[in-house]
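Engineer: Quick one: this structure, given as structure tokens, is what I'll be asking you about.
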Amino acid sequence: MNKAETITINGKVVPLEGEKNLLSVIRKAGVEMPTFCYHSELSVYGACRLCIVDIEGRGIDTSCSTPPRAGMSIKTHTPKLRKMRKTLIELLLANHDTSCTSCDKSSACKLKDLAADLGVKEIPFKKTREPRKPDLLSPSLLRYPDKCVLCGDCVRYCNEIQGVGAIDFAYRGEDVVVTPAFNKSLAQVDCINCGQCAAVCPTGAIVPRSEIDDVWSALADESKTVVAQIAPAVRAALGEMFNMPASSVTLGKIMAALKYIGFKEVYDTSFGADLTVMEETNEYLERRRAGDNKTMFTSCCPGWVKYAEQFHPDLIPQLSSCMSPQGMVGSLSKKLLSQTEGKSEKDIVMVSIMPCTAKKFEKDREELSRDGSPLVDYVLTTQELGKMIKEAGIVFEDIAPAAADLPFGLYSEAGLGFGATAGVSEAVARYASRALNNQELSSYEPVTNEDFPFWKEAIIDEDNVKIRIAVVAGLGNTEKLIEKINAREVSYDLVEVMACPDGCVAGAGQPVSYDHGIADKRKTALKNAGKITPIHCPEDNPYIQRIYEKMLGSKPGSHEAHELVHTKYQSRKRIDNDSMELAVTDHEAPVEINVCVGTSCFLRGSQDILSGMTAKIDQEGWKDRINLKATFCSENCSHGPTVTVGEKKMHKTSLDSVVAEVEEQLGLVTSRK
Amino acid sequence: MATPTMTAEKLHNFSKVCEILDRFDRLPSKIIPILQAVQEEYRYLPEEILTFVATSLGISPARVFGIATFYSHFSLEPKGKYIIKVCDGTACHVKGSSGLIETIQRELKLSEKEHTTPDLLFTLETVSCLGACGLAPAVVINDKVYGQVSNKQMSELIAEYKAMEA
């Protein structure tokens, strides 16, 4: 071997194979090197200093940020380095909230493991900070700033991979904290609840919100019928919590465990996925038939849906109107159970078991409720299910399998495929081919776009099926795709979006794993589960047919289907409370006027409306009857200037049209009407 | 209840933000000078203006908040009309600046935690060195420098400013 291509690690010669940093070479050489702030998919930060090495002739430096150079000789675990690492951990623990026994991350905390591995016996430093308040408002994620080690993994993930930037570092020195803007809660900012911040967090500083206690209470309530549904990706990962290989976790075992826990009926969300395939394909074809040639986006991922609502409200009409599979199963099963059980839908409790933290947010959406009661009551993550199984004293390895309940327990391979990227689009493409060409699609292999390596595409052109499909995961990549679609550099008929890279199998509700290959392992497990599924196509699922006949008007896209399994979306502001009060009255029943002064509306003249309105208020003496506020983006940019007067939202306004509306609402011009 | 003049002032200020953004070509890389200009205009960085600036520049509000809290020059709290900066550098400290700080806190009912009077007239800040050690202890009120200030003079100065506003 050429000497120029090697380095020496602890006396052992190791070849260089194009690694970008010393850390990768060290790990390749089989040396364990602790890190908090290094993730190969994120930018190098070099803050935690745990990966320090002694480089001959150069001294001590971080291996994550040092490029390997041929001929280097490094040592990784000298007494000095070990002592330095131990001191680093001691310093991190000084102000740390060490309530480890009751911490959600206890079983997978890197800080706790490292403290033990490095032999930290006591913390020689005093606490120097007042305790900080946790942020407990978000339906999906809880933040405990006193458990943060400031590695910034969450900040970089949110910025670099998701392009959201809901959290960032603030203040400085000892006061540095990772926080949403203005110390608001995650619930009040543009967080999309994907939870990947929690997935990369080495400690318990950000964790998924647990609903275990609520579910136990519901199960104990005899007036309720408590049922469950389980998402495709859950079965591919649950075994990790019991040290079982993924292949040995069958749906049957999970069903049996859920029954043991006390769920009356147990369904499979894959049934909802089957239904989604039928409805979504039909919706797509209907749109084309109606002459709508715009790109249609999938809507099963709640992280993506919220992202679109916040950042691309103009795309809302292009989102598939299909409810997510969890919503569909919730909607149909509650309706059916209320009949068979003779109970009000309010007394049927649906618990979804999901690989996802954003599903917790989704269940609270107003659109996913009927007569004031939610279609899904609680969402448990895969992690929470594992914990419940342990709490219930079930020996999961030994439990005998049970069957899912019908009709919502039977599913096809296509529906199960929703658990990983490309699954949704593949199912739609194949179904379209069977429906329009009366034959199977020859193949479905999305390939990376040649010019833009941020997404994959499948260009299908077989007889009557001509669909250009893009498959994208990660919202940073999605943003790039939307940009290119808007710039007309690319065009697609259907875009499948998953907020989490690799799709649901790598959702933030899955068991914590620091293994980089874990997503692939779960994908394989899911594929294998699909292979042994006797039904391959959604339309061959006899219970899908039966439900269509019984509840959904016998065909996709029917009026009944729209009532029960389609939904709506809403334009969302990125940040709460961002209006600026210009003239506020304490009059009892004032008319409130909100003038959008976001960039686009500003350019279209919203400021003239504001100043004109202020003058008018003075002139007419309306100041007791009107609240005038400036808002910072009502997300209707293409229809600006946007003004709301009372309940009425007005687009493309002028001063005259606003004044006319105000006069009408003040009851001044009823005669002119 | 808002008076028409306040409304006019707010509107004026809002158009100022837009002017500031345009002056810096709405470049994200100019965020610091933009925030400086905003603070000069408003005497602090109001939340809604920061959100507006962030949205206009395509930066996340969380990052702008991070920048605004990193530099001690920036303030997210409204500051008083008169900003009293007491130099607490070595020379001024030795010459009795802590007495001045106590005097100001007593006169204006301020504390370690309260730096601004509720009427938004005065803000007390301590600075590390004004580079005017020959004048120790030195105090700057807005842009006016006062040298070799005694506790008594400090009380008189505050009274003077109060009288101006009365």
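The values are calculated or read from the model by the stated rules, or taken from the named source; none is laboratory data. Quick caveat, the model's predicted, so the values are computed rather than measured. Positions of Cβ are backbone-derived with ideal geometry, glycine not excepted, and every protein chain shown enters the neighbour counts.
Engineer: Going by the structure shown, is A:Val207 assigned to a strand (DSSP E or B), within 14 Å of chain B (Cβ to nearest Cβ) and in contact (Cβ under 8 Å) with a residue 24 or more places away in the chain?
Structural biologist: no
Engineer: May I pose another question? If the Cβ limit is 8 Å and pairs must be 6+ apart or interchain, which residue in the range A:162-175 that is in the same structural domain as A:Leu186 (by TED's automatic domain parsing) and farther than 29 Å from A:Glu479 by Cβ pairs with which residue that is surrounded by 15 or more Cβ atoms within 10 Å (Cβ to Cβ) and not polar (S, T, N, Q)?
Structural biologist: Note: pairs meeting the criteria are A:Arg172/B:Phe70.
Engineer: So if I check each of A:Gly423, A:Gly419, A:Gly415, A:Gly476, which one is surrounded by 14 or more Cβ atoms within 10 Å (Cβ to Cβ), out of contact with any strand residue (DSSP E or B) (no Cβ under 7 Å at 6 or more places or on another chain) and at pLDDT 95 or above? Walk me through it before giving the result.
Structural biologist: Working: A:Gly423 fails: at pLDDT 95 or above; A:Gly419 fails: at pLDDT 95 or above; A:Gly415 fails: at pLDDT 95 or above.
Going through A:Gly423, A:Gly419, A:Gly415, A:Gly476 in turn, just one is surrounded by 14 or more Cβ atoms within 10 Å (Cβ to Cβ), out of contact with any strand residue (DSSP E or B) (no Cβ under 7 Å at 6 or more places or on another chain) and at pLDDT 95 or above: A:Gly476.
Engineer: Follow-up question, since we're still on this one. Please verify whether the range B:32-44 includes one or more residues that are surrounded by 16 or more Cβ atoms within 10 Å (Cβ to Cβ), under 28 Å from B:Leu121 (Cβ atoms), modelled with pLDDT of 90 or more and facing another protein chain (nearest Cβ under 9 Å).
Structural biologist: no
Engineer: Would you kindly identify the helices (runs of 4 or more DSSP H) lying entirely within the range B:77-165 that contain at least 2 residues that are hydrophobic (A, V, I, L, M, F, W, C) and more than 29 Å from B:Val38 (Cα to Cα)?
Structural biologist: The qualifying helices (runs of 4 or more DSSP H) are B:90-94, B:151-165.
Residue-by-condition table, conditions (1) modelled with pLDDT of 90 or more; (2) basic (Lys, Arg); (3) over 24 Å from B:Pro78 (Cβ atoms); (4) touching a Leu at 6+ places or on another chain (Cβ under 6 Å):
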position: B:Val139; (1), (2), (3), (4): yes, no, no, no
position: B:Lys144; (1), (2), (3), (4): yes, yes, no, no
position: B:Gly147; (1), (2), (3), (4): yes, no, yes, yes
position: B:Glu156; (1), (2), (3), (4): yes, no, yes, no
position: B:Glu160; (1), (2), (3), (4): yes, no, no, no
position: B:Ala163; (1), (2), (3), (4): yes, no, no, no
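Engineer: Where in the range A:567-638 are there strands (runs of 3 or more DSSP E), lying fully within it, with 1 or more residues that are within 8 Å of chain B (Cβ to nearest Cβ) and modelled with pLDDT of 80 or more?
Structural biologist: Of the strands (runs of 3 or more DSSP E) lying wholly inside the range A:567-638, those with at least 1 residues that are within 8 Å of chain B (Cβ to nearest Cβ) and modelled with pLDDT of 80 or more span A:626-631.
Engineer: Same structure again: For A:Asn243, only one of the following conditions fails: (1) without any contact (Cβ under 8 Å) to a residue 12 or more places away in the chain; (2) within 30 Å of A:Asn486 (Cβ to Cβ). What is its number?
Structural biologist: (2)
Engineer: Under the condition of being among the β-branched types (Val, Ile, Thr) and out of contact with any Asp or Glu (no Cβ under 8 Å at 6 or more places or on another chain), which residue from the range A:149-167 is nearest to the other protein chains (Cβ to nearest Cβ)?
Structural biologist: Ranking the qualifying residues of the range A:149-167, first place goes to A:Ile167.
Engineer: Scan the range A:111-141 for residues that are closer than 20 Å to A:Phe36 by Cβ and in contact (Cβ under 8 Å) with a residue 12 or more places away in the chain and report the count.
Structural biologist: 13
Engineer: Right, another one. Filter the range A:311-355 down to the residues that are touching an Asp or Glu at 6+ places or on another chain (Cβ under 6 Å), assigned to a helix (DSSP H, G or I) and surrounded by 20 or more Cβ atoms within 10 Å (Cβ to Cβ) and list them by number.
Structural biologist: Hits for the range A:311-355 are A:Pro313, A:Lys334.
Engineer: A further question follows. Looking at the range A:168-177, which of its residues are within 12 Å of chain B (Cβ to nearest Cβ) and in a helix (DSSP H, G or I)?
Structural biologist: Listed by number, the residues that qualify are A:Gly173, A:Asp175.
Engineer: Just to be sure I understand, how many residues within the range A:373-401 are closer than 14 Å to A:Ile254 by Cα, outside any loop (DSSP other than H, G, I, E, B) and either under 18 Å from the mean Cα position of the chain (by Cα) or of a type in the set (Val, Ile, Thr) (or both)?
Structural biologist: 6
Engineer: Based on what the data block shows, is B:Glu9 modelled with pLDDT under 85 and not basic (Lys, Arg)?
Structural biologist: In short, yes.
Engineer: Still on this model: Got at least one residue in the range A:227-247 being surrounded by fewer than 24 Cβ atoms within 10 Å (Cβ to Cβ), over 14 Å from A:Ala508 (Cβ atoms) and of a type in the set (Val, Ile, Thr)?
Structural biologist: Checking the range A:227-247: not a single residue is surrounded by fewer than 24 Cβ atoms within 10 Å (Cβ to Cβ), over 14 Å from A:Ala508 (Cβ atoms) and of a type in the set (Val, Ile, Thr).
Engineer: Please tell me if A:Gly11 is in contact with a Phe, Trp or Tyr (Cβ under 9 Å, 6 or more places away or on another chain) and on the phi > 0 side of the Ramachandran plot.
Structural biologist: Judged against the criteria, A:Gly11 is not a match.
Engineer: Can you tell me how many residues in the range A:154-199 are polar (S, T, N, Q) and surrounded by fewer than 22 Cβ atoms within 10 Å (Cβ to Cβ)?
Structural biologist: Residues flagged as polar (S, T, N, Q) and surrounded by fewer than 22 Cβ atoms within 10 Å (Cβ to Cβ) within the range A:154-199 amount to 4.
Engineer: Taking the condition among the charged types (D, E, K, R) and loosely packed, with under 15 Cβ neighbours inside 10 Å, does B:Lys109 pass?
Structural biologist: Yes; evaluated as a whole, the condition is true for this residue.
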